Amino acid sequence: MQFRDLPSVDRVMASDGMAALTEAYPRDWVVDLVRRQLDRARQKIRDGGTAPSAGDVADGVSGELRSMTEPAPRQVINATGVIIHTNLGRAPLSPAAIEAMTQAARGYTDLEMDLSTGRRGSRQAHLQSLLQQVTGAEGALAVNNNASAILLGLSALSVGKEVIVSRAEAVEIGGGFRIPDVLKQSGAKLIDVGTTNRTYLRDYEDAITENTAALLKVHTSNFRVEGFTSEVEPSELVALSKEKGIPVLHDVGSGALLPTEAYGLAHEPTPQESIAAGVGLVFFSGDKLLGGPQSGMVVGTSELVRRLERHPLARAIRIDKMSLAGLTATLLHYLKQEAESEIPIWRMISAGEQEIKDRAERWKSQLALPGEVISSKSAVGGGSLPGETLPTWVLALSCEGSAGGPEAVMRNLREAKPPVIARIEDDRVILDPRTVLPEEEDSLLTALRDAISP
Ligand SMILES: *Cc1c(COP(=O)(O)O)cnc(C)c1O
């Protein structure tokens, strides 16, 4: 009977290394972890396994404690060349944004106090004036993220009413965020018009009733329909909406405040152009092409923004003081015309090919490992600009001498401190300098040496 061989809690507690653990952590916790490890061992025995020794259980407990007490999320080095990598936390922040967030975290702030009167103020006031300036909108509001901004907008303006959306735009953004579901959750009724590939202005026009609350336009940011397609421009929807007295709502997704076409990419819709076209409310993310912390923005007419501010959901999804500080500092870069040099994602997007090639060459010569610098493609990512790439230069390392080949090297890199995320192409490990921050280079090279040396 394997169960009889299972060590007792006391025996595990007396094993090597356990004394150090009970010095660092409350004894009760450690005992709890031992019990849980033993429960798991019992289940394994039931499934036909063998009993672990006291030392095995102790090792399991210390491993569990080690991973539990590591900082999380952990810093990783992004050598994938995907600039806004959702799994890696989207946009890295500018030094000014980081400083602002640190300040906000460290002490008290005037978050909701008007210092000129000493009375209660709005946490949104400062940000509002920046967003007004940058986007040209009358009113502005920042919340937790774009998904919640859209939910708030639809809940505040269209509960019990109809919202007209093109069939081509009733999309899933990712992470379970689907436009039809969000509409349902907000209490609005989705009226989808047109077809998957073609929607005309008259489709919207024909669907408008006295129960229509809004026309909703959604940027299909994470896929592209090509060929026989047609969509209705925001300005055309605005003309129709003015005639009928119902607002146009526009989810532009990534929040590009700079023209992406100036960097050799397709045009990504900007909040400014929607506002200029007369859209009632524009929604966008703060941590995609805006390059700030997680947040969601609503800009538009004062009247509509006020209706959102007064809705009870606004309190439930409000932005926290640290994100607010980071967002304010990030928006300021746009106002000061220094976004391209100060905001990391724009520095990555605008990095010159020669500069990237030089970095890859420098890595190659410093590493002295078998590999070559080859031309490749970086992606913007983050569900924006699908299929759009930027020409780049990467270091391609062949892993022939390494046990386990490229897969093993990738695993070693993920276990490095800090972990390095790369990709495999043609049996080689590919490292794109575009997304590696300059201050991460030394750690990257150390990790590569350790990961590849056989
Ligand atoms: C990314 C995206 C969202 C969701 O934004 P979050 O800030 O991640 O909540 C909504 N709509 C569009 C079109 C998007 O691209």
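Values as computed for the structure displayed
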item: Filter result (basic (Lys, Arg) and open to solvent by 80 Å² or more (accessible area, probe 1.4 Å)) within the stretch 404-442; result: 411, 414, 417
item: All positions within the stretch 146-160 that are away from the ligand (no atom under 16 Å from the Cβ), within 18 Å of residue 300 (Cβ to Cβ) and open to solvent by 10 Å² or more (accessible area, probe 1.4 Å); result: 156, 157
item: Tally of residues being under 31 Å from the mean Cα position of the chain (by Cα) and part of a loop (DSSP other than H, G, I, E, B) across the stretch 194-220; result: 6
item: Residues within the stretch 92-145 that are of a type in the set (Gly, Ala, Ser), closer than 20 Å to residue 272 by Cα, open to solvent by less than 40 Å² (accessible area, probe 1.4 Å) and not in a loop (DSSP other than H, G, I, E, B), tallied; result: 3
item: Selection from the stretch 168-202 of residues that are out of contact with any helix residue (DSSP H, G or I) (no Cβ under 9 Å at 6 or more places or on another chain) and in contact (Cβ under 8 Å) with a residue 24 or more places away in the chain; result: 168, 200
item: Cross-chain or 6+ apart pairs with Cβ under 7 Å, the stretch 339-354 first and aliphatic (A, V, I, L, M), then open to solvent by 20 Å² or more (accessible area, probe 1.4 Å) and modelled with pLDDT of 95 or more; result: 339/258; 349/263
item: Exclusive hit being under 30 Å from residue 440 (Cβ atoms), surrounded by fewer than 11 Cβ atoms within 10 Å (Cβ to Cβ) and free of Cβ contacts under 8 Å to residues at least 60 places away in the same chain, set 66, 74, 4, 46; result: 66
item: Residue count for the stretch 251-289, restricted to those that are closer than 12 Å to residue 135 by Cβ, more than 10 Å from the ligand (Cβ to nearest atom) and assigned to a loop (DSSP other than H, G, I, E, B); result: 4
item: Within the stretch 367-377, considering residues that are open to solvent by less than 30 Å² (accessible area, probe 1.4 Å) and under 18 Å from residue 354 (Cα atoms), the one nearest to the chain's Cα centre (by Cα); result: 376
item: Residue satisfying all of: in the stretch 155-187; basic (Lys, Arg) and either modelled with pLDDT under 90 or not in a helix (DSSP H, G or I) (or both); farthest from residue 241 (Cα to Cα) among these; result: 178
item: Of all residues making up the stretch 239-250, the number that are more than 19 Å from residue 154 (Cβ to Cβ) and either crowded, with 24+ Cβ neighbours inside 10 Å or within 12 Å of the ligand (Cβ to nearest atom) (or both); result: 0
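Residue by residue, here is whether (1) surrounded by fewer than 22 Cβ atoms within 10 Å (Cβ to Cβ); (2) in a loop (DSSP other than H, G, I, E, B); (3) within 16 Å of the ligand (Cβ to nearest atom); (4) within 18 Å of the chain's Cα centre (by Cα) holds:
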residue: 326; (1), (2), (3), (4): no, no, yes, yes
residue: 355; (1), (2), (3), (4): yes, no, no, no
residue: 361; (1), (2), (3), (4): yes, no, no, no
residue: 379; (1), (2), (3), (4): no, no, yes, yes
residue: 391; (1), (2), (3), (4): yes, no, no, no
residue: 395; (1), (2), (3), (4): no, no, no, no
residue: 402; (1), (2), (3), (4): yes, yes, no, no
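Here's the yes/no breakdown for (1) touching a residue at least 40 places away in the same chain (Cβ under 8 Å); (2) surrounded by 19 or more Cβ atoms within 10 Å (Cβ to Cβ); (3) aromatic (Phe, Trp, Tyr):
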residue	(1), (2), (3)
216	yes, yes, no
223	yes, no, yes
233	yes, no, no
252	no, yes, no
290	yes, yes, no
308	yes, yes, no
313	yes, no, no
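The values are calculated or read from the model by the stated rules, or taken from the named source; none is laboratory data. Model, not experiment: these values are computed from the prediction. Note that we place each Cβ from the backbone using ideal geometry, even for glycine, and neighbour counts take in every protein chain shown. Note: accessible area is taken over every heavy atom of the protein model, side chains too, but ligands, DNA and RNA are not part of it. Shrake-Rupley method; radii C 1.70, N 1.55, O 1.52, S 1.80 Å.
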